[in-house]
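Scroll down for the structure; my scribbles are underneath it.
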Amino acid sequence: MGPCARVVVVGVDFSEMGDDAILEGLTQVVLGAARVAHFVYVLDSRQIADDLAWSGVTGEASGLVRAASALRQRVCDVAALAKISVPATRLRAHARIGHIVATLIHACVDYDADLLVLGTHARLELDRRILGPVADALVRRAPCPVLIARPKSHRSFDRMWTSRKVHVAPLPHTQRDVTAVVAKPARRAS
């Protein structure tokens, strides 16, 4: 069987949530679920227009080169921290200028992506207020499946559920009592 032909596009910003997305993109490649991962950082055109340092084509071009270089370094740093080794030929770093949602959609089309990976705030529910407007728009509009990467955390459920112990009588064929833990929804303070 030949190598995997899947392509992953990873939308990245320079935050912890972006690092979660980078880690997931690297994992897709390491596990063989993807042949190549394109890490894409989008410089919002509205912010650039307000920044005098970005005036002119030369400023934009050098800014894109600097951003792609910084992204490449960030991917390498996240891989090193996670002790992940991936051949550089399977990783690509890109910087683009535009509206974040539209630009990531274009990147998915340009690279014929099979999966788009994004980071988001670690919350329990995935609704529009918590997922964030960018991730929500991409989940609805992307031309491929979207994976929301976030760190594993079971602690958040501790507040949602409480436990109480219930004594269960022994079954006829056993000699010992069984203690069961039953979860019930926590009461909310009014």
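The values are calculated or read from the model by the stated rules, or taken from the named source; none is laboratory data. What you see is a predicted model, and the numbers here were worked out from it, not measured in a lab. Every residue, glycine among them, receives a Cβ derived from its backbone with ideal geometry; neighbour counts consider all protein chains shown.
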- Residue check, Leu126 at pLDDT 95 or above and surrounded by 10 or more Cβ atoms within 10 Å (Cβ to Cβ): no
When segment 62-80 is checked residue by residue, the ones that are over 17 Å from the mean Cα position of the chain (by Cα) and surrounded by 11 or more Cβ atoms within 10 Å (Cβ to Cβ) are Ser62, Gly63, Leu64, Val65, Arg66, Ala67, Ala68, Ser69, Ala70, Gln73
- Query: Is segment 87-103 home to any residue that is under 18 Å from Pro151 (Cβ atoms) and not hydrophobic (A, V, I, L, M, F, W, C)?
  - Reply: no
Selection from segment 1-41 of residues in a loop (DSSP other than H, G, I, E, B) and polar (S, T, N, Q) yields Ser15
Conditions (1) farther than 17 Å from Lys83 by Cα; (2) crowded, with 21+ Cβ neighbours inside 10 Å -> Ala5 fails only (2)
